[in-house]
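Data first, discussion second: the structure below is written as structure tokens.
The values are calculated or read from the model by the stated rules, or taken from the named source; none is laboratory data. Everything quoted here is computed from the prediction, not taken from an experiment. For neighbour counting, all protein chains shown are included, and Cβ atoms are generated from backbone atoms with ideal geometry for every residue, glycine included. Keep in mind that these areas ignore ligands, DNA and RNA; they rest on the heavy atoms of the full protein, side chains included. Shrake-Rupley method; radii C 1.70, N 1.55, O 1.52, S 1.80 Å.
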Amino acid sequence: MAMMLGIVPAMAQETYENANIATGDLNGTARYVGMGGAMEALGADISTMSTNPAGIGLFRHSTASMSFGFISQNDAQDFANGNKTNLSFDQVGFVYSNRLGRNSFVNFGFNYHKSRNFNHILKAAGRLDGASQNRMSYNKGVAAAENGWDFVFPNGTEDEIVSNDLAYSQTDYLYYNTILYNPLIDPSGESKYYNYGSERYMMDRASTGYIGEYDFNISGNINDRVYLGLTVGLHDVHYRSYSEYAELFLPNQEGLGGALLEDTREITGFGFDIKAGVIFRPIEESPFRIGLSVATPIWYDLTTSNYTTLLIDDTNANPDTYRGLGALDLWESYDFKLYTPWKFGMSLGHTVGNFLALGASYEYADYGSLDSRVNNGYDYMWERETSEADEWMNDHTKNTLKGVSTLKLGAEFKPDPSIAVRLGFNYVSPMYEQDGVKDGTLNSYGVMYQSATDRTNWKDTYRVTAGLGYRIDKLSLDLAYQYSQTNGTFTPFTDVLDATNVAESVDVSNKRNQLLFTIGYTF
């Protein structure tokens with residue numbers, strides 16, 4: 001399609017896809033997860049390397065750990081290549097502790113953890129009552145013609161309908177070249193366009209993959225009062241989704257039964273960021289400590305590709321009135337850049353003797369500032385691709401996403417020096433504006449290469465965690481359980497040009513159970 005439209009594939013992605021890549025999960029060691037992630041001020045856990053790097057400065061001995069387990073989605077059925085239960089390798093890393101003085105250390109660390117697990121199965125169905133996805137494509141063409149845009153036009157006597165307008169998406173192309181352009185039902189023989197209302201829709205999607213984060217840390221403490229840390233992180237993206245979106249048409253004179261849109265999309269690439277943190281004890285005689293942290297945007301360089309097929313149920317089609325294609329597919333791939341927002345964190349930690357640890361953390365990130373960028377050239381002096389902001393998509397992002405607050409609370413109780421019991425709670429405020437929509441009329445490459453029109457406005461996330469730990473000399477064994485729940489509203493398409501072309505929105509959810517096991521060794 002890119003060659004057909006004469007457009008160089010140097011694009012930016014779309015708001016909802018970007019939001020999916022930019023967010024993270026609560027994951028790491030079983031101790032960290034069991035305490036709800038509230039260890040940014042307590043430190044001395046390898047997972048704090050990615051949240052408050054100064055936490056590594058509290059290690060007094062070198063250590064290594066490895067974590068694995070499984071994740072299961074509640075109320076889901078296996079679909080395509082998506083399974084409701086999946087094994088997961090979640091973390092492996094080490095810290096080398098180097099004493100400089102009686103109370104001062106310089107530590108070096110490396111840690112890999114799975115910062116995002118994309119495994120999710122979505123199923124939704126609802127009424128259309130005459131609305132349809134193909135009618136939305138039709139309305140875009142009508143608006144284009146009325147406003148004199150170079151949007152949709154037939155190539156003379158050729159069958160293929162193309163456009164160089166950025167709002168002409170892959171979905172529009174498939175519909176226009178299968179059922180919307182059908183001159184046989186117009187006696188004058190002129191090129192005219194038609195659309196088909198639908199009774200109901202059904203969507204099934206299986207998402208798989210992960211983002212792996214590789215952190216390299218240097219940290220230390222000054223007289224056991226001030227702890228400093230710096231982490232450089234590399235992020236490896238592997239995302240894949242397969243969806244089937246079906247509509248059942250209302251009775252029509254062409255005898256068409258419905259449409260099925262099959263879409264496979266992959267997003268891969270790398271990014272990097274820098275994180276810095278400090279922890280200090282304001283009162284020398286007290287173990288109470290305060291932590292502060294900041295993380296730069298993750299500067300992603302990504303590639304997205306999709307293979308999309310539109311199938312029309314023309315089993316009972318009238319050959320005298322229907323000339324359209326029964327099926328049409330296309331494949332696209334392009335590179336783009338995405339810069340996530342800055343993150344800021346503040347945390348508190350306190351210990352009582354050797355038997356109780358309490359932690360609380362707060363983090364803020366403004367996802368409305370996500371920066372979708374178009375690759376526009378190459379800088380040979382610095383040997384790097386250059387890019388510019390996709391202003392249309394970025395303005396849409398500002399109106400669709402918002403600042404997110406994350407609150408973490410955790411406690412660890414040791415009834416015996418070798419046994420630990422942990423509890424945690426995690427709350428993440430909503431990222432999406434309640435009235436946010438996926439706008440298919442934007443003058444953006446992110447729309448032009450869009451192969452799905454649906455959106456899900458996810459609400460806040462609740463996580464409840466618990467864990468157990470057992471230490472045998474230098475060996476530690478930790479187990480954690482996490483339950484997370486996020487509810488949302490699914491809408492198959494939003495026609496911003498026609499207030500009567502409205503699809504029913506339905507409630508969906510992502511409820512997950514995670515069991516995590518960590519083996520650690522101190523040396």
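Data overview
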| read-out | value |
| --- | --- |
| Cα-based helix-to-principal-axis angle, 133-146 vs the chain, degrees rounded to 10 | 70 degrees |
| Estimated FRET transfer efficiency when R0 is 22 angstrom, pair residue 388-residue 232 (beta carbons, to 0.05) | 0.25 |
| Residue 350-residue 143 FRET efficiency (beta carbon distance; Förster radius 56 Å; 0.05 resolution) | 0.40 |
| Dipole of segment 427-476, positive direction: furthest Cα of 466, 453, 431, with charges on the beta-carbon | 466 |
| The chain, accessible surface, carbon-and-sulfur percent (1.4 angstrom probe) | 57 percent |
| Positive-end residue, segment 358-423 charge dipole about Cα centroid, Cβ charges, pick of 406, 392, 381 | 406 |
| 31 Å Cα-Cα threshold exceeded, pairs from 84/438; 192/337; 84/275; 275/402; 192/438; 474/511 | 192/337; 84/275; 474/511 |
| Separation between Cα centres of segment 72-135 and segment 218-240, rounded to whole Å | 20 Å |
| Helix-derived mean residue ellipticity, 222 nm - over the chain, DSSP H n ≥ 4, -39500 (n - 2.57), to 500 | -2500 deg cm²/dmol |
| Accessible area expressed per residue, the chain, with surrounding protein chains retained (probe 1.4 Å, Å²) | 42 Å² |
| Cα-based Kirkwood hydrodynamic radius, segment 405-523, one decimal, Å | 18.0 Å |
| Selection from 106, 139, 28, by position along the positive dipole direction of segment 1-140 (Cβ) | 106 |
| Helix 391-400 vs. the chain, principal-axis angle (Cα, 0 to 90°, nearest 10) | 70 degrees |
| Efficiency of FRET from Cβ geometry, residue 104 and residue 521, R₀ 41 Å, rounded to 0.05 | 0.95 |
| Whole-Å distance, taken between Cα centres, linking segment 387-440 and segment 455-506 | 10 Å |
| Approximate spin-label separation residue 268-residue 474, in nm, with each point projected 7 Å along Cα-to-Cβ | 4.0 nm |
| Size of charge dipole - segment 360-447 - debye, nearest 20, with Cβ of Lys, Arg +1 and Asp, Glu -1, no other charges | 540 debye |
